[in-house]
Amino acid sequence: MRLLSELALFASDNGEGLVGETDDRIITFFSLGVVVFFTVLVVVLSALQASLERRKEQRKASELRRRVGW
């Protein structure tokens with residue numbers, strides 16, 4: 001029963017979050033942050049994949065030149 005009363009006290013902040021009352025500005029900036037985060041994540045991971053693909057192709061070309069003798 002004590003756990004329920006503690007949870008009730010925790011939830012009795014009248015809907016306020018960690019940064020205070022949640023309004024449109026907070027929701028807008030949070031949503032913008034999520035969009036920017038995933039955009040940056042996709043760009044960085046794509047650049048990493050391109051770099052690794054380039055290294056793989058260089059390694060394959062080097063191995064082929066070694067076999068052929070050029």
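Results, tabulated for the structure shown:
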item: Residues with amide H under 5 Å from that of THR22, placed H, sequence gap 5 or more; result: GLY17
item: Residues THR39, THR22 arranged by fewest to most Cβ contacts within 10 Å; result: THR39, THR22
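Here, each number is a calculation from the coordinates, and none is a lab measurement. These numbers were taken from a predicted model, which means no experiment stands behind them. Note that each Cβ is placed from the backbone with ideal geometry, even for glycine, and that neighbours are counted across all protein chains shown.
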